[in-house]
Amino acid sequence: MSLPLLDQVTASVSRFSELLQPVAVEKKSIAEIVGRILAQPLLADRDSPPIDVSAMDGFAIRMADLQGEPLKIVGTAAAGSPPVELHPRTAVRIFTGGPVPSDAEAVVRREDADIAVDQVSIRTPPHELRYGQNIRRCGENIRTGQELLPPGTLLTTAAMSAIATFGASELSVYARVRVSILNTGDELIPPGEPAQPWQIRDSNGPVLETMLRLHRWIHVVHRQAVTDKLAILVEALNQQLASSDAILLTGGVSMGDYDFVPEAILQCGGKIIFHRLPIRPGKPILGAMGPGGQLIVGLPGNPVSVAVTAKRFAFPLLRKLGGLANVPQLLNWIPIVNPDSKVLDLIWYRLVKLVDNGKGELLDSHGSGDLVSLALSDGFVEVPAGQSGPGPWKYFSW
Ligand code: AMP
Ligand code: MG
């Protein structure tokens with residue numbers, strides 16, 4: 001028995017992904033790396049915390065001194081001050097982040113102590129104070145030399161604290177993936193210009209450009225609309241191949257008389273890896289490799305096809321170029337509140353609007369040219385061939 005269509009499609013895209021090499025690596029200062037992809041392991045250059053520190057404002061004491069007479073306050077340990085000593089029957093006033101004296105065994109919270117001039121009485125009954133309580137131990141977060149972040153990590157704001165803490169002023173990150181967009185079609189005019197009835201404004205260019213610009217590890221180097229002339233397309237493609245790691249084309253990829261994208265790729269020395277997938281919308285999609293190992297994806301021209309196939313197929317391939325391929329992505333599965341019984345023998349990407357509690361409502365769509373339902377959608381679900389119903393289905397958000 002042959003594999004389900006979805007597995008076949010996933011397999012052919014991952015086979016292509018394996019052929020692609022990540023872009024080069026560059027050094028960047030910490031101010032420039034958020035949103036970029038780490039190309040080296042990030043190691044801890046010291047223990048964290050570097051010494052035992054207090055988790056509270058209060059008093060550092062020994063357990064044996066908890067009972068009995070008030071303790072003399074012999075010193076202060078504030079954050080940023082070097083450690084002080086603690087002698088028997090004394091206490092050290094300590095603040096959050098302050099170094100714990102080496103002989104101290106616990107920190108009593110300020111609110112559990114009564115202070116009289118230079119003496120402190122601890123109100124906590126001995127059995128309620130644990131050895132080590134309110135002390136953050138040296139190295140409890142990580143030890144010197146341990147790997148904190150592996151190569152391939154997307155550097156979100158969450159990673160910045162650790163990067164700053166461990167003294168990395170410069171890091172190796174993958175260079176931004178340089179992407180060019182080529183929109184084909186004799187019918188296209190630039191957005192914002194008055195159109196003849198037989199012309200349309202190029203919307204695929206702006207869609208792809210904004211989708212790509214949301215990611216700091218991507219650099220849109222060029223966007224151009226070209227007419228349906230093989231020679232013009234070959235020239236534009238050759239030019240962009242020289243300065244891009246990836247090229248996304250729209251339109252001209254099916255079997256019509258004006259569909260020159262496959263031929264243009266061949267004339268530029270490219271190799272077609274797959275052409276047509278059992279999907280709707282976007283069936284004529286094409287994946288190719290440029291003569292220098294560049295990623296080329298030909299997306300069918302209809303607006304819904306472009307948005308869906310860029311998100312679903314071009315992005316995973318771009319992630320491979322960017323060094324992100326093995327990083328798990330958040331996958332959402334959502335149920336549909338208004339399922340119907342329509343079934344396709346293709347993998348079906350259906351536009352949805354999110355309704356309450358993370359459920360999706362299928363939008364009434366006029367097909368792959370319906371940019372109105374596209375505009376109203378939050379994303380789409382992937383319905384495997386031969387299936388229908390409420391799901392839950394895998395959800396992709398814009
Ligand atoms: P194609 O894949 O070239 O056959 O294009 C299919 C249809 O998509 C065209 O007839 C246009 O209506 C539409 N289309 C193609 N390119 C664009 C574009 N850049 N912007 C908006 N619509 C487009
Ligand atoms: Mg066309």
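The values are calculated or read from the model by the stated rules, or taken from the named source; none is laboratory data. Predicted model, so just to flag it, every value in this text is computed and none were measured. In this analysis, Cβ positions are derived from the backbone assuming ideal geometry, glycine residues included, and neighbour counts consider all displayed protein chains. Protein only, heavy atoms only, side chains kept; ligands, DNA and RNA dropped before computing areas. Shrake-Rupley method; radii C 1.70, N 1.55, O 1.52, S 1.80 Å.
Out of LEU171, LEU241, which single residue is away from ligand 1 (no atom under 14 Å from the Cβ), open to solvent by less than 20 Å² (accessible area, probe 1.4 Å), farther than 20 Å from GLY290 by Cα and in contact with a strand residue (DSSP E or B) (Cβ under 9 Å, 6 or more places away or on another chain)?
On inspection, the qualifying residue turns out to be LEU171.
Spot the failing condition for VAL234; the list is (1) of a type in the set (A, V, I, L, M); (2) part of a strand (DSSP E or B); (3) in contact with a Cys (Cβ under 7 Å, 6 or more places away or on another chain), and only one is missed.
Only one criterion is unmet by VAL234, namely (2).
Within the stretch 244-284, track down each residue that is within 12 Å of ligand 2 (Cβ to nearest atom) and either open to solvent by 10 Å² or more (accessible area, probe 1.4 Å) or assigned to a loop (DSSP other than H, G, I, E, B) (or both).
Within the stretch 244-284, GLY251, GLY252, VAL253, SER254, MET255, GLY256, ASP257, TYR258, ASP259, PHE260, PRO284 meet the criteria.
Spot the failing condition for GLY139; the list is (1) open to solvent by 30 Å² or more (accessible area, probe 1.4 Å); (2) closer than 30 Å to GLN40 by Cα, and only one is missed.
Every condition holds for GLY139 apart from (1).
Which ones in the stretch 85-101 are part of a loop (DSSP other than H, G, I, E, B), without any contact (Cβ under 8 Å) to a residue 40 or more places away in the chain and either under 20 Å from PRO49 (Cα atoms) or open to solvent by 50 Å² or more (accessible area, probe 1.4 Å) (or both)?
Matches in the stretch 85-101: GLU85, HIS87, PRO88, ARG89.
Have a look at LEU188, LEU214 and point out the one that is modelled with pLDDT of 95 or more and either among the hydroxyl-bearing types (Ser, Thr, Tyr) or within 16 Å of ligand 1 (Cβ to nearest atom) (or both).
Being modelled with pLDDT of 95 or more and either among the hydroxyl-bearing types (Ser, Thr, Tyr) or within 16 Å of ligand 1 (Cβ to nearest atom) (or both) holds for just one of LEU188, LEU214, which is LEU188.
Would you check which residues across the stretch 298-323 are within 16 Å of ligand 2 (Cβ to nearest atom) and of a type in the set (A, V, I, L, M, F, W, C) and list them?
Listed by number, the residues that qualify are LEU299, VAL304, VAL306.
Being within 27 Å of the chain's Cα centre (by Cα) and closer than 20 Å to ILE181 by Cβ: is that true of LEU241 here?
Spelling it out, LEU241 is indeed within 27 Å of the chain's Cα centre (by Cα) and closer than 20 Å to ILE181 by Cβ.
Does GLU128 meet the test of being closer than 22 Å to THR96 by Cβ, free of Cβ contacts under 8 Å to residues at least 40 places away in the same chain and away from ligand 2 (no atom under 16 Å from the Cβ)?
Yes: the conditions hold for GLU128.
Given the structure, is ARG312 touching a residue at least 60 places away in the same chain (Cβ under 8 Å), within 29 Å of ALA39 (Cβ to Cβ) and of a type outside the set (Phe, Trp, Tyr)?
So ARG312 passes the test.
In the stretch 152-175, what residues are more than 14 Å from the chain's Cα centre (by Cα) and outside any strand (DSSP E or B)?
MET160, SER161, ALA162, ILE163, ALA164, THR165, PHE166, GLY167, ALA168, SER169, ALA175 - these are the residues of the stretch 152-175 that are more than 14 Å from the chain's Cα centre (by Cα) and outside any strand (DSSP E or B).
Within the stretch 335-381, restricting attention to residues that are out of contact with any helix residue (DSSP H, G or I) (no Cβ under 6 Å at 6 or more places or on another chain) and among the β-branched types (Val, Ile, Thr), which residue is surrounded by the most Cβ atoms within 10 Å (Cβ to Cβ)?
Filtering first and then ranking leaves VAL352.
Anything in the stretch 104-120 that is open to solvent by 60 Å² or more (accessible area, probe 1.4 Å), closer than 11 Å to VAL92 by Cα and not in a strand (DSSP E or B)? List them, or say none.
Hit for the stretch 104-120 is ASP118, nothing else.
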